[in-house]
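Participant: Below is the structure I would like to discuss, written out as structure tokens.
The values are calculated or read from the model by the stated rules, or taken from the named source; none is laboratory data. Everything numeric here is computed off the predicted structure, so don't read it as measured data. When we count neighbours, we look across all protein chains shown, and the Cβ atoms used for this are built from the backbone with ideal geometry, even at glycine. These area figures cover heavy atoms from the full protein model, side chains too; ligands, DNA and RNA do not enter into them. Shrake-Rupley method; radii C 1.70, N 1.55, O 1.52, S 1.80 Å.
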Amino acid sequence: MERGRRPHTSGAPRWIGPLLALAALALGACGGPFPQSALDPASDFAWKLQDLFEGIFFWAVIVFVLVEGALIVAIFRFRERPGGAAPRATHGNTLLEISWTLAPAVVLVLIAIPTIRTIWDVDQPARGESLVVEAIGHQWWWEFRYPDLGVVTANEMHIPVGTQIDVRLTSADVIHSFWFPRLGGKRDAIPGHENQIWFTADSAGLYLGQCAEFCGLSHALMKMQLVAEAPEAFQAWVDRQKSDALAADSVIAAEGSQAFMRGGCIACHKVRGTVAQGVIGPDLTHVGSRRRIAAGILDNTPENLERWIRNPQAVKPGALMVVPELDDETVRRIVAYLQSLK
Amino acid sequence: MSQTDVATLEVHSATGLPSRKILMWAFIGSECMLFGSLIITYLVYRGKSIVGPYPEELLNIPFITVTTFVLLMSSLMMVLALSAVQRGDMKWGKVWLLMTAVFGMVFLGGQVYEFTHFVHEGLTLQTNLFGGSFFLLTGTHGAHVTVGVIWLLSLFFMGVRGRLTQASAETVEIAGLYWHFVDVVWIVLFTLIYLLS
Amino acid sequence: MAVTGAVGAETPGVGAQDHGGTYSGGIWSWLTTVDHKRIGVMYGVSAFLFFLVGGIEALLIRLQLGTPENTLINPDLYNQLFTMHGTTMVFLAIMPLSAAFFNFIVPLQIGARDVAFPRLNAFSFWVFFLGALFMNSSFLFGGAPDAGWFGYANLTSTQYSPGMRVDFWVLGLLVLGVSSIAAALNFIVTIINLRCEGMHFMRMPLFTWMTLITSFLLVMAFPAITVGLVLLMFDRMFGTQFFNPLAGGDVLLWQHLFWIFGHPEVYILLLPGLGMVSEIIPVFSRKPLFGYAFVVYSGVLIAFLGFGVWAHHMFAVGLGPVANTVFAAATMLIAIPTGVKIFNWIATLWGGSLRLKTPLYFCLGFIAMFIIGGLSGVMHASAAADLQQTDTYFIVAHIHYVLFGGVMFALFAGMYYWIPKVTGRMLSDRLGKIHFWIMLVSFNLTFFPQHFLGLHGMPRRTFTYESGLGFEAMNLMSTVGALLLGSSMLIFIWNVLQMLRKGPPTGADPWGGSTLEWSIASPPPHYNFKVLPKVYGRDPLWAADTSDSRPGDDVEAPEPHMPGPSAFPLTTAIGIVVMAAGGLTTTLPVLFVGVAVVLFGVYGWAFQPLEH
């Protein structure tokens, strides 16, 4: 676990983190690694929530041990014994009642204070310099727009490490939820509303995300990926994304381009610099450079692209992408074209 | 034990109150939450309609003030009906029960007129949020008034058949509780929808 | 302090009474019964059947999730399964199972002969039963509801949920709401007005107290979801714009209305079980409940506070720091009265003489599991920390620890405790303990790993998950646990069947209980008490019999006149479901037939004398 720039503020003893990790591991048995885990924070936002959680977990363990312990002691100590005397009929004890009302109240106050502090920290609009990214949820893919940079892409978000990212969330259809567990908590993307979430990634890497609000048939297949990279690499990515589509780099790609433009694809998809100006589906101008396709569920390989184009509904039930019957050659050409759109 | 009066065979009542009266009060409590939720919906959507017609164009306060007055008067009739039945005066009991129902029907007639007028002016359930929330809220109230009118007319016809007696006073009182509640709800709606528009 | 005159006809065993048995008679007598005991049995049997239905839905879910990228169940069927699992368990299993106990036990505990409105009681049952069939018939007519048991707008709009599935859900729930509200009103009046002489409120048994509080919660909370469902129904059927963002509608209005109902609803699910446990523990500890008044007041407080925490289901919605702070604080506050109850139960055990029989086993399991569920609940209460937890398997773990580990364990305790009173026969304690241990271990195997699945990033309501995310092992564990959990139910069913066939008969009081239901035969005669009892304190059967003789023993009292059967409750219930069918298919003739049947039923009911 990379601690990076994490400030240790939870007030919980240091052994609570390792205890949690141990419990997780013990239970996970051979379950690890966990690339999408909230217990593996990688941003300031995620660390704040992890600290808070560890603090609460500490108290939960204490209460658990004490109360379950009392229960178990009671069971063993007071089982009926043959010939035992009848128990004293106690009806209550006001002092005890007050004590065990106040004690939990005190613990709850100790939990409430860091809770409220964190709420007022993270539930505000982003403070200071940020890079704004608009994330719009669709059934079942994510649209990412960088208004200040002129970038429009889908399903794979790039950010510079060390820069605060201010994500503005909404939906084009039903409620979705934007969640990259390692980068922090989730926030719902709600039609008719704009929500905000902000964070600064600690270090470069690939982060996995998933829609976290039930949104219909393929809710489980609505994933996204986030690449945090050094500022120079990010700038290079931006420059490439802003540019129009590359010209086809081979004969087969050129043929694929023609098939794409003549087929119904342009009704939904945009490839900047061509006649394809559809806005219903994901922007495909640089789809060849994405690691995955179909909203983070398939690796971006020719085989998978082919599978997707032939029958989107077989890959993602309910997908709105309608593809007419295509012969093998056409499919291969289109795949080559899309792969060339780097 | 008269046929229609007692739903329970309780030998005693722990509170001294008849069970049916407690039932009606509890039911009224539940209905408060029902109307409360509908009112919240109306208030949340006030001013949020994207297209017209809008309330200020349509609401006719003078007209509704008259129908409100009619409904209020019907509550007075109800009080008189109960008083008559309680003292065994079935003739006036029937008269006042009928009058209450008639006044209720006049109120409903006013609602029907208003609704029809709104539809002619282009406001339906589907038109905008005002249409949806207005018709749903006042329509639900109107449905409650209708149930009340049917109940009162049933009591009246029982009286015509000679089945209404002094022992029916409890039933009439409970019908009255319901009727007064429906009236109070209207006063709240009148205030929120019309006066505070 | 003694109970006077409470003893009725004595012959033990199922149905052996001079009047004709408590349960004798053919189908027509069951269709027209207004006897709270029979209605309780019908609620209990139906609820348990639906519990099995919901359980099978859960097993199918777990089989699908046992391995990554599984293709056993396609997403369409999966979404129907998890929607119906939630809806069935909440509305068709747990609530009616509690209603079964309200019905059978509460009138006995307050020394009454029946509920305040016996026909309304029958009506409530039939509306529930027919409504449950209505909703489940959707499987045969185009598919079951599939938008989640919480049905968030605008996924539930006709645009995103075409067809009749969501309509089945909306109308089904509206029908079930009628049943619940009618029953709750009945129990409020019954408990307030039919208590026997001497039974002041602070002398009532805890189960009756929790029934009263739950009934108030029901009548105050259901209207909110009724309105939400009506708004949704109007959007779907009449083209209104309540949840259409393009017309200015706000999808969050649905969430608010739903959870204003939904949070009190979980206390509706929980409090009856808490009441049962509060009675069973003292009996099997041989000492009175510790802190009776505090346990009562904490129940009242939980009910009140329960109305003020709803938006903790909406922490990721973006309500803002003020709202999130208020709801986080209120949610934490509710942990206090809940904790007070737990401490009082432990204090009851403490210093007692614990008879380790099956009912107590389930109570102890309940406390142990409920503590865990409560602690994860406190974790969710922290609005910021919840941003990681909400909508993940961490929440699924929490809800099952409180609803299964909590409520179901408590309800099983109640079943093992009170079934002898209902049938007059004893269940096997040995089989009960085997059931308990398998259930306890498999329950934890099923749901404990889910805490970690959630924290490691597995969202809920997903029909599959990718391999390589570390979810495989824990999902497999959970599936194995679920299969074992399902099989533990078979032990219970076997126990019940063998009891019905050859269970040893029992007298009035097999456990040494303290409350009035144990003072009359098992099963009770149809009039319950020949002479209504009078009590002088709490735990009337434990009071030393120092005062006057018990005239009920030898009084040649005439058998009390009881309300006669009536077909009108069933008729009216049929009318309501016909109306729902008319609404579902938007066919006016069917709707009008339904209205006509309802009117016929209501008028017939109003003019039919109660005893005839």
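Participant: Taking the criterion of being within 14 Å of chain B (Cβ to nearest Cβ), surrounded by 13 or more Cβ atoms within 10 Å (Cβ to Cβ), under 29 Å from the mean Cα position of the chain (by Cα) and touching a residue at least 40 places away in the same chain (Cβ under 8 Å), would at least one residue in region C:580-602 satisfy it?
Facilitator: No - not one qualifying residue is present in region C:580-602.
Participant: Kindly list, by first and then second residue, each pair from a residue in region A:105-119 that is more than 7 Å from every other protein chain (Cβ to nearest Cβ) to a residue that is open to solvent by 60 Å² or more (accessible area, probe 1.4 Å), limited to pairs with Cβ atoms under 6 Å and residues at least 6 apart or on different chains.
Facilitator: A:VAL107/A:TRP59
So that you can scan it fast, the table gives a plain yes or no per residue for (1) assigned to a helix (DSSP H, G or I); (2) away from chain B (no Cβ under 12 Å):
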| site | (1), (2) |
| --- | --- |
| C:PHE102 | yes, yes |
| C:ASP114 | no, no |
| C:PHE125 | yes, yes |
| C:PHE150 | no, yes |
| C:GLY172 | yes, yes |
| C:MET202 | yes, yes |
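Here's the yes/no breakdown for (1) farther than 24 Å from C:TYR603 by Cα; (2) touching a residue at least 60 places away in the same chain (Cβ under 8 Å); (3) out of contact with any Pro (no Cβ under 6 Å at 6 or more places or on another chain); (4) surrounded by fewer than 17 Cβ atoms within 10 Å (Cβ to Cβ):
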{"residue": "B:GLN111", "(1), (2), (3), (4)": "yes, no, yes, no"}
{"residue": "B:VAL119", "(1), (2), (3), (4)": "yes, no, yes, yes"}
{"residue": "B:LEU125", "(1), (2), (3), (4)": "yes, no, yes, no"}
{"residue": "B:ASN128", "(1), (2), (3), (4)": "yes, yes, yes, no"}
{"residue": "B:SER133", "(1), (2), (3), (4)": "yes, yes, yes, no"}
{"residue": "B:LEU137", "(1), (2), (3), (4)": "yes, yes, yes, no"}
{"residue": "B:HIS141", "(1), (2), (3), (4)": "no, yes, yes, no"}
{"residue": "B:VAL149", "(1), (2), (3), (4)": "no, no, yes, no"}
{"residue": "B:LEU155", "(1), (2), (3), (4)": "no, no, yes, no"}
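Participant: Is it the case, given these coordinates, that C:LEU155 is surrounded by fewer than 24 Cβ atoms within 10 Å (Cβ to Cβ) and either free of Cβ contacts under 8 Å to residues at least 24 places away in the same chain or within 23 Å of the chain's Cα centre (by Cα) (or both)? I'd like the intermediate steps shown before the answer.
Facilitator: On the way: surrounded by fewer than 24 Cβ atoms within 10 Å (Cβ to Cβ): no; either free of Cβ contacts under 8 Å to residues at least 24 places away in the same chain or within 23 Å of the chain's Cα centre (by Cα) (or both): yes.
The answer is no for C:LEU155.
Participant: Would you pick out the residues in region A:172-189 that are of a type in the set (Phe, Trp, Tyr) and within 18 Å of C:ASN324 (Cβ to Cβ)? Full working, then the answer.
Facilitator: We begin by selecting, within region A:172-189, every residue of a type in the set (Phe, Trp, Tyr); these are A:178-180.
The answer is A:PHE178, A:TRP179.
Participant: Another question, then. Out of region A:280-314, which residues are more than 27 Å from A:TYR207 (Cβ to Cβ) and surrounded by fewer than 20 Cβ atoms within 10 Å (Cβ to Cβ)?
Facilitator: Here is the first cut: in region A:280-314, the ones more than 27 Å from A:TYR207 (Cβ to Cβ) are A:280, A:306, A:309-311, A:313-314.
Hits for region A:280-314 are A:ILE280, A:GLU306, A:ARG310, A:ASN311, A:GLN313, A:ALA314.
Participant: Output the qualifying pairs, or none if there are none: Cβ atoms under 9 angstrom, residues six or more apart or on different chains, first residue in region C:498-509 and acidic (Asp, Glu), second residue open to solvent by 30 Å² or more (accessible area, probe 1.4 Å) and in a helix (DSSP H, G or I).
Facilitator: Between residues of region C:498-509 that are acidic (Asp, Glu) and residues that are open to solvent by 30 Å² or more (accessible area, probe 1.4 Å) and in a helix (DSSP H, G or I), the close pairs are C:ASP509/C:LEU541.
Participant: Hey, another quick one. So if I check each of C:THR240, C:THR226, which one is more than 30 Å from C:PRO282 (Cβ to Cβ) and surrounded by fewer than 24 Cβ atoms within 10 Å (Cβ to Cβ)? Steps first, answer last, please.
Facilitator: Values: C:THR240 fails: surrounded by fewer than 24 Cβ atoms within 10 Å (Cβ to Cβ).
Criteria check complete, one pass: C:THR226.
Participant: Okay, moving on. Go through region B:181-197 and give me each residue that's crowded, with 16+ Cβ neighbours inside 10 Å and of a type outside the set (Phe, Trp, Tyr).
Facilitator: Start the filter on region B:181-197 by keeping residues that are crowded, with 16+ Cβ neighbours inside 10 Å, which leaves B:181-183, B:185-186, B:189-190, B:193-194.
B:VAL182, B:ASP183, B:VAL185, B:LEU189, B:ILE193 - these are the residues of region B:181-197 that are crowded, with 16+ Cβ neighbours inside 10 Å and of a type outside the set (Phe, Trp, Tyr).
Participant: Also: Do you know which residues across region C:378-397 are surrounded by fewer than 24 Cβ atoms within 10 Å (Cβ to Cβ) and within 20 Å of the chain's Cα centre (by Cα)?
Facilitator: C:VAL396
Participant: Is region B:87-110 home to any residue that is β-branched (Val, Ile, Thr), more than 11 Å from the chain's Cα centre (by Cα) and facing another protein chain (nearest Cβ under 10 Å)?
Facilitator: No, there is no match, as no residue in region B:87-110 is β-branched (Val, Ile, Thr), more than 11 Å from the chain's Cα centre (by Cα) and facing another protein chain (nearest Cβ under 10 Å).
Participant: Next question, about the same structure. Where residues in region A:175-199 are outside any loop (DSSP other than H, G, I, E, B) and touching a Lys or Arg at 6+ places or on another chain (Cβ under 9 Å), which of them is surrounded by the fewest Cβ atoms within 10 Å (Cβ to Cβ)? Talk me through it step by step, then tell me what you get.
Facilitator: If we filter region A:175-199 for residues that are outside any loop (DSSP other than H, G, I, E, B), which is where we start, we get A:176-178, A:181-183, A:187-189, A:195-199.
If we keep only those that are touching a Lys or Arg at 6+ places or on another chain (Cβ under 9 Å) too, we end up with A:177-178, A:195-198.
Working: A:SER177: 28, A:PHE178: 27, A:ASN195: 19, A:GLN196: 17, A:ILE197: 28, A:TRP198: 24.
Result: A:GLN196.
Participant: When you look at A:VAL167, is it more than 10 Å from chain C (Cβ to nearest Cβ), within 18 Å of C:LEU319 (Cα to Cα) and of a type in the set (A, V, I, L, M), yes or no? Before the answer, list the steps.
Facilitator: Values: more than 10 Å from chain C (Cβ to nearest Cβ): yes; within 18 Å of C:LEU319 (Cα to Cα): yes; of a type in the set (A, V, I, L, M): yes.
Spelling it out, A:VAL167 is indeed more than 10 Å from chain C (Cβ to nearest Cβ), within 18 Å of C:LEU319 (Cα to Cα) and of a type in the set (A, V, I, L, M).
Participant: Something else: What residue, among those in region C:165-181 that are open to solvent by 10 Å² or more (accessible area, probe 1.4 Å) and not β-branched (Val, Ile, Thr), is nearest to the chain's Cα centre (by Cα)?
Facilitator: C:SER180
Participant: Scan region B:84-100 and tell me whether some residue there is polar (S, T, N, Q) and surrounded by fewer than 19 Cβ atoms within 10 Å (Cβ to Cβ). Working first, answer last.
Facilitator: Our first condition is that a residue be polar (S, T, N, Q); within region B:84-100, this holds for B:86, B:100.
Next, only the ones that are surrounded by fewer than 19 Cβ atoms within 10 Å (Cβ to Cβ) stay: B:86.
Yes - at least one qualifying residue is present in region B:84-100.
Participant: Taking region C:565-579 as the search range and keeping residues that are open to solvent by 50 Å² or more (accessible area, probe 1.4 Å) and under 19 Å from C:SER29 (Cβ atoms), which one is farthest from the other protein chains (Cβ to nearest Cβ)? Please lay out each step first, then the result.
Facilitator: First, the residues of region C:565-579 that are open to solvent by 50 Å² or more (accessible area, probe 1.4 Å): C:565, C:574, C:579.
Okay, now just the ones that are also under 19 Å from C:SER29 (Cβ atoms), so C:565, C:574.
Details: C:PRO565: 14, C:ILE574: 20 Å.
Taking the candidates together, the pick is C:ILE574.
Participant: Another question about this same structure. For A:ASN304, all conditions in the list (1) in a helix (DSSP H, G or I); (2) within 27 Å of the chain's Cα centre (by Cα); (3) over 21 Å from C:THR464 (Cα atoms) hold save one; what is the number of the exception?
Facilitator: For A:ASN304, the exception is condition (3).
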